[in-house]
2 protein chains.
Amino acid sequence: MARWEPDARGRLTEAALQLYLDRGFDATTVADIAARAGVTERTFFRHFADKREVLFDGAHELEHLVTEAIAQAPASASAIDVVGEAMVHAGAALQPRREFAVRRAAAISANAGLMERELLELAMLARATADALRRRGVPDPAAALAAEAGVAVFKVGFEEWIGEDDPGDLPARIADARRQLAAVVAPRRASQALRTISSTV
Amino acid sequence: MARWEPDARGRLTEAALQLYLDRGFDATTVADIAARAGVTERTFFRHFADKREVLFDGAHELEHLVTEAIAQAPASASAIDVVGEAMVHAGAALQPRREFAVRRAAAISANAGLMERELLELAMLARATADALRRRGVPDPAAALAAEAGVAVFKVGFEEWIGEDDPGDLPARIADARRQLAAVVAPRRASQALRTISSTV
């Protein structure tokens, strides 16, 4: 009975997103999504567990990109360099999908439950990132702290990228957020070092 | 019909926590909790929306402690100092409740759904913290980054405090995690400044 359904997954995703934006997430049913995509509900459930999963399909891929990049980083790199580069790498993979990312963010921000789920995905990314650092031998609390820092930097870079009319380049925005985090977290370390030196020379 | 029920809320919390630890969260019903606390189910629902909320009752209080401390910080303080002090302040308020915190953490870590909810609460704390910084005039991305840094520091200090046999002092652990975050995020800034100076003097 199974028909050949070229890119049913892609069409279901597009149909769901458009319906969420037009009518809202709560008012959209799986039957609506399947009908708009021209497939059966059964086909929907072969691809997605429920209508929420359509929007969070990419979370596993993001986690995979980040943890793989961490595993492959040079042994000599510091924890924050490893995480920073992994986030930039993940950003490069998302770069071609900005239009989808912007529409997806609009659908999510219109629904409190979806916003909570998005926050949870980022928290799970931080946990997976910390575990990947621990597998490289990074001790705690450095592993946990570097992972939280990395996800914060990804989140800020990503939100700027989807939120501004001149989006620029996602990897560059993430790298820039990393520099800003260093300036926020340790604003006086460099200047304190200078002061210490200049009072001793 | 309402009877006088001294500290029904406290007894319900204690009964629920003990049942979650003994039988597991999923196997415990509201009826079990109410019976153990010696109150009716109706009394349970006067205090808590459902059996999960018993464990997350303190989240609003934590958020309130943090955002109030941020609002009252000196105008001249940097974003990271404001957030760091607010987290230490919240830690001081939790300090007397370590035994409860340890048992609560054990109940949560035994259940995937509760762990997700705990991650979500921390993500919501980061959001509220960023909003409190914005109300002080801290611009983005500094507000978002300082908030994420503050919550990461709170989380790491808190986990050390509940996880170790010699727990020490929660506010001191949070302050220490903040120093470690600075060392993780900007490990070379101070030494780079030193190198620049020593090559120029």
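The values are calculated or read from the model by the stated rules, or taken from the named source; none is laboratory data. Worth saying up front: this structure is predicted, and the values here are computed from it rather than measured. Ideal geometry is used to build each Cβ from the backbone, glycine not excepted, and the neighbour counts take in all protein chains shown. Each accessible area value is taken on the protein alone, full model and side chains, heavy atoms only, with ligands, DNA and RNA left out. Shrake-Rupley method; radii C 1.70, N 1.55, O 1.52, S 1.80 Å.
Check each residue of segment B:64-81 and keep those whose accessible area, probe 1.4 Å, is at least 20 Å² smaller with all protein chains in place than in the chain alone; give them in order of residue number. Flagged in segment B:64-81: B:Ile80, B:Asp81.
With its label point defined 7 Å out from Cα along the Cα-to-Cβ axis, B:Asp165 lies at 6.3 nm from the matching points of the other copies, in increasing order. Using the alpha carbons alone, the radius of gyration of the protein assembly as shown stands to its Kirkwood radius in an Rg to Rh ratio of 1.01. Atom-type composition of the exposed protein surface of the protein assembly as shown places 54 percent of the accessible area on carbon and sulfur (1.4 angstrom probe). Of the residues A:Gly113, A:Trp161, A:Ala149, the one whose Cα sits farthest towards the positive end of the charge dipole of segment A:34-169 is A:Gly113 (charges of +1 on Lys and Arg Cβ, -1 on Asp and Glu Cβ, taken about the Cα centre). Under 30 Å between alpha carbons, and skipping anything fewer than 8 positions from A:Lys51 in its own chain: which lysines qualify? Once the sequence-local lysines are set aside, what remains near A:Lys51 is A:Lys155, B:Lys51. As a rough guide to protection, the peptides A:174-181, B:23-30 ranked by mean Cβ packing within 10 Å, highest first, stand as A:174-181, B:23-30. Assuming a viscosity of 1.567 mPa s and a temperature of 4 °C, what translational diffusion coefficient in µm² per second does Stokes-Einstein assign to chain A, Rh being the Kirkwood radius over Cα pairs? Diffusion coefficient, whole number: 68 µm²/s. In this structure chain A gives 49 Å² per residue of accessible area when probed at 1.4 Å with all protein chains present.
Taking all protein chains together and a 1.4 Å probe, the residues A:Asp140, A:Asp131, A:Asp166 rank A:Asp166, A:Asp140, A:Asp131 from largest to smallest accessible area.
Here the Karplus relation 6.51 cos²θ - 1.76 cosθ + 1.60, evaluated at θ = phi - 60°, turns the backbone of segment B:154-167 into coupling constants of 4, 4, 5, x, 5, 5, 5, 5, 8, x, 10, 5, 9, x Hz, with x for every Gly and Pro. In a reduced charge model with +1 at each Lys and Arg Cβ and -1 at each Asp and Glu Cβ, chain A shows a dipole moment near 400 debye about its Cα centre.
Chains A and B together bury roughly 3500 Å² of accessible surface, counting both sides and using a 1.4 Å probe on protein heavy atoms.
Residues of segment A:159-189 that bury at least 50 Å² of accessible area when the other protein chains are present, relative to the chain alone (probe 1.4 Å, heavy atoms, ligands and nucleic acids excluded): A:Val184, A:Val185, A:Arg189.
Per-residue 3J(HN,Hα) values for segment B:22-39, derived from phi via the Karplus relation 6.51 cos²θ - 1.76 cosθ + 1.60 with θ = phi - 60°, read 6, 10, x, 5, 5, 7, 9, 10, 4, 4, 4, 5, 4, 4, 5, 7, x, 10 Hz in sequence order (x marks Gly and Pro). In whole angstrom, note down how far apart the Cα centers of segment B:1-70 and segment A:101-118 are. If you average the Cα positions of each part, the centres end up 31 Å apart. From its DSSP helices (H runs of at least four residues, each -39,500 (n - 2.57)), chain B gives a residue-normalised ellipticity at 222 nm of -24000 deg cm²/dmol. With the alpha-carbon atoms of segment B:8-53 aligned to their principal axes, the span from lowest to highest coordinate is 23, 17, 15 Å, starting with the largest. Ligands, DNA and RNA aside, A:His64 has an accessible area near 110 Å² when probed at 1.4 Å. The residue among A:Leu170, A:Ala101, A:Leu65 whose Cα reaches farthest toward the positive pole of the charge dipole of chain A, with charges on the beta-carbon of Lys, Arg, Asp and Glu, is A:Leu65. Note on A:138-145: average number of Cβ atoms from other chains within 10 Å of each residue's Cβ is 6. For segment B:81-159, the percent of C-alpha pairs falling in each 10 Å distance bin, counted from 0 to the bin holding the largest distance, reads 18, 44, 29, 9, 0. In order along segment B:107-117, phi translates into HN-Hα couplings of 5, 5, 6, 8, 9, 4, x, 5, 5, 4, 5 Hz, rounded to whole numbers, per the Karplus curve 6.51 cos²θ - 1.76 cosθ + 1.60 with θ = phi - 60° and x for Gly and Pro.
Magnitude of the charge dipole for segment B:8-53, about its Cα centre and with charges confined to Cβ atoms of Lys, Arg (+1) and Asp, Glu (-1), is about 180 debye. In this rough spin-label picture, where each label sits 7 Å from Cα along the Cβ direction, the A:Ala112-B:Met115 distance is 2.7 nm.
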